[in-house]
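**Q** I have a structure here, written as structure tokens, and I will follow up with some questions on it.
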Amino acid sequence: MKLESKDRIYKLTRDRAPLSCIIPSRNSRRAPLLYFDEEKGYNRAIRYSRNQKSPFEDEQDGNIIVEPIVFEDGLLRVPKNNPVLQQFLEYHPLNGKKFVEVDMSRDAQEEVDFLTAEVDALVEAKNLTIDQLETMGRVLFNKDVSLMTTAELKRDVLVFVKRNPSVFLRALSDPSIKLQSTVQQFFDKKLLVYRNKKKDVHFNMDGNKKRMVSIPYGASPIEFLTEWFKTDEGVDVLAFLESQL
């Protein structure tokens, strides 16, 4: 693989980078550094040696000078006059996991996309009706929004939107959102209650305390009930519960 000749900067993927971080620079049992060569059809061991012309061990001579590869303050700058290290990092198994190359154009585009989504989401959130605000509040925060003032609810939704604009926009376009909000209302109004450590859902009305349905292990109760109410068995129960709201 031939890389464009230019200076490159690499950064650790973690938000909080240590003052210094060393990544493996040679293949070993403890830290295998193998790259699958599709043309040759097998894994090739890689090793960084500043006096070699290739990062592949099978293309290096016996005069090896192995050096540590150290990220300082989360960054590693590799000039274009060190193409072997750039190639070594390109093939490194930790590339994309523990570190990535800094791409100014890509990062700028990602930031533009985020800011655009934020603007779109804020406009949508600003134009929500009270009913829509309550629906989004129930779904996003999973709590009884009837205990909140309109100002509190609008503030919390706007704060959420600024932090998670894409999540909000996806939720807004999801046809199941309104039904999820309705399901949450059934619990807020005590028409339904959980029992047996949220494994069972029971009716909670005068003369009817029967178990309505059991929640499968590992399932989200609200999401499961939203889908259950769409079934032939659940649709009549949904209509009855909505009439009680």
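The values are calculated or read from the model by the stated rules, or taken from the named source; none is laboratory data. All values derive from a computational prediction rather than experimental measurement. Note that each Cβ is placed from the backbone with ideal geometry, even for glycine, and that neighbours are counted across all protein chains shown.
**Q** Just the residues that are of a type outside the set (Phe, Trp, Tyr) and touching a residue at least 24 places away in the same chain (Cβ under 8 Å), please, taken from the stretch 182-198.
**A** If the condition is that a residue be of a type outside the set (Phe, Trp, Tyr) and touching a residue at least 24 places away in the same chain (Cβ under 8 Å), then Thr182, Val183, Gln184, Gln185, Asp188, Lys189, Leu191, Leu192 are the ones that fit.
**Q** Can you give me the number of residues within the stretch 128-154 that are among the β-branched types (Val, Ile, Thr) and outside any helix (DSSP H, G or I)?
**A** Qualifying residue count, the stretch 128-154: 2.
**Q** A further question follows. Mind checking which residues of the stretch 127-140 are out of contact with any Leu (no Cβ under 8 Å at 6 or more places or on another chain), within 13 Å of Asp156 (Cα to Cα) and of a type in the set (D, E, K, R)?
**A** Arg138
**Q** Does Val157 fit the bill of being in a strand (DSSP E or B) and either under 27 Å from the mean Cα position of the chain (by Cα) or surrounded by fewer than 16 Cβ atoms within 10 Å (Cβ to Cβ) (or both)?
**A** no
**Q** Now a separate question. Looking only at the stretch 61-105, which residues are among the acidic types (Asp, Glu) and part of a loop (DSSP other than H, G, I, E, B)?
**A** Selection gives Asp61, Glu67, Asp73, Asp103.
**Q** Before we move on, is Leu33 in contact with a helix residue (DSSP H, G or I) (Cβ under 9 Å, 6 or more places away or on another chain), hydrophobic (A, V, I, L, M, F, W, C) and under 16 Å from Gly96 (Cα atoms)?
**A** Yes, satisfied.
**Q** Now a separate question. Identify, from the list Ser49, Ser28, the residue that is closer than 21 Å to Ser5 by Cα and of a type in the set (Ser, Thr, Tyr).
**A** Unique residue meeting the criteria: Ser49.
**Q** Go over the candidates Val70, Val123, Val112, Val84 one by one and state the one that is loosely packed, with under 11 Cβ neighbours inside 10 Å, free of Cβ contacts under 8 Å to residues at least 60 places away in the same chain and over 27 Å from Ile177 (Cα atoms).
**A** Val112
**Q** Of the residues Ala117, Ala108, Ala45, Ala31, only one is assigned to a loop (DSSP other than H, G, I, E, B) and either on the phi > 0 side of the Ramachandran plot or of a type in the set (A, V, I, L, M, F, W, C) (or both); which?
**A** Ala31
**Q** Taking the stated definitions as given, is Val139 out of contact with any Phe, Trp or Tyr (no Cβ under 9 Å at 6 or more places or on another chain), outside the structural domain of Val66 (by TED's automatic domain parsing) and exposed (fewer than 12 other Cβ atoms within 10 Å of the Cβ)?
**A** No.
**Q** Let me ask something additional. Tell me, which residue of the stretch 160-196 that is in a loop (DSSP other than H, G, I, E, B) and surrounded by 14 or more Cβ atoms within 10 Å (Cβ to Cβ) is modelled with the highest pLDDT?
**A** Applying the filter and picking the extreme gives Leu191.
**Q** Return yes or no: is Glu233 of a type outside the set (Gly, Ala, Ser), assigned to a helix (DSSP H, G or I) and at pLDDT below 90?
**A** Here the answer is no, as Glu233 does not meet what is asked.
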